[in-house]
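Have a look at the structure below before the remarks.
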Amino acid sequence: YLFRPAQDAALPLDIYGVRYPREALATLARYGVRYHGWAANAAAPAIFARHLATVHVPRRYYTQLLPGIPTIRVFEALACGIPLVSAPWEDSEHLFRPGQDFLFARDGAEMTRHLRAISADPALRASLVQSGLETVRARHSCAHRAQELMRIVETLNPAAQPHLARIVA
């Protein structure tokens, strides 16, 4: 989903991360990937701003053991306004609008097609950015999460409702 599609789309590839074993670093070098090592989460917006798009390849843990739960990376990318192409994961809660907020790639060939399209089509990039930001702002802000948490707490302890209302206000 990443190395070959980026290479086939003739796009440079930058990877950030930690604790890559020697074999993984050799694979990155084989594909001409620029490896940057660790980056602070707070640096993500600036890193995204320097790039055309980002690719999300969820770990097997998320796709098999926690299906339906996206990683924080999807939220980060969309909130930062970068076009996102993702390997498959199940959006069981319909948090996003695949094909509108970001693109799903079912295999490496589709990933290559999506990367080429994003590279060649500024209108597609702008549309993905606009839709992704719209969804994050409408449904996934910190205020939304706080409201959801308060609703959950209220169901657990109805007697705490007046106190919680004062906290939220």
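The values are calculated or read from the model by the stated rules, or taken from the named source; none is laboratory data. As the structure is a computational prediction, the values presented were derived from the model and not from experiment. Every residue, glycine as well, gets a Cβ built from its backbone with ideal geometry; the counts of neighbours run over all protein chains shown. Each accessible area value is taken on the protein alone, full model and side chains, heavy atoms only, with ligands, DNA and RNA left out. Shrake-Rupley method; radii C 1.70, N 1.55, O 1.52, S 1.80 Å.
Could you list, in sequence order, the residues of the range 51-94 that are in contact with a Phe, Trp or Tyr (Cβ under 6 Å, 6 or more places away or on another chain) and in contact (Cβ under 8 Å) with a residue 60 or more places away in the chain?
ALA87
Please enumerate the residues belonging to the range 63-100 that are within 12 Å of the chain's Cα centre (by Cα), over 19 Å from LEU124 (Cα atoms) and of a type in the set (Ser, Thr, Tyr).
Answer for the range 63-100, where residues must be within 12 Å of the chain's Cα centre (by Cα), over 19 Å from LEU124 (Cα atoms) and of a type in the set (Ser, Thr, Tyr): just THR71.
Within the range 14-38, which residues are part of a loop (DSSP other than H, G, I, E, B) and open to solvent by less than 30 Å² (accessible area, probe 1.4 Å)?
Selection gives GLY17, VAL33.
Every residue, every condition in (1) at pLDDT 95 or above; (2) of a type in the set (Gly, Ala, Ser), yes or no:
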residue	(1), (2)
HIS114	yes, no
SER127	yes, yes
VAL136	yes, no
ARG151	no, no
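Looking only at residues in the range 1-13 that are within 20 Å of CYS80 (Cβ to Cβ) and in contact (Cβ under 8 Å) with a residue 60 or more places away in the chain, which one is surrounded by the most Cβ atoms within 10 Å (Cβ to Cβ)?
This residue is ALA6.
ALA105 is checked against (1) under 27 Å from GLU148 (Cβ atoms); (2) out of contact with any Leu (no Cβ under 6 Å at 6 or more places or on another chain); (3) of a type in the set (Gly, Ala, Ser) and fails just one. What number does that condition carry?
(1)
Name, by its number, the condition in (1) of a type in the set (Phe, Trp, Tyr); (2) over 12 Å from the mean Cα position of the chain (by Cα); (3) in a helix (DSSP H, G or I) that does not hold for PHE48.
(2)
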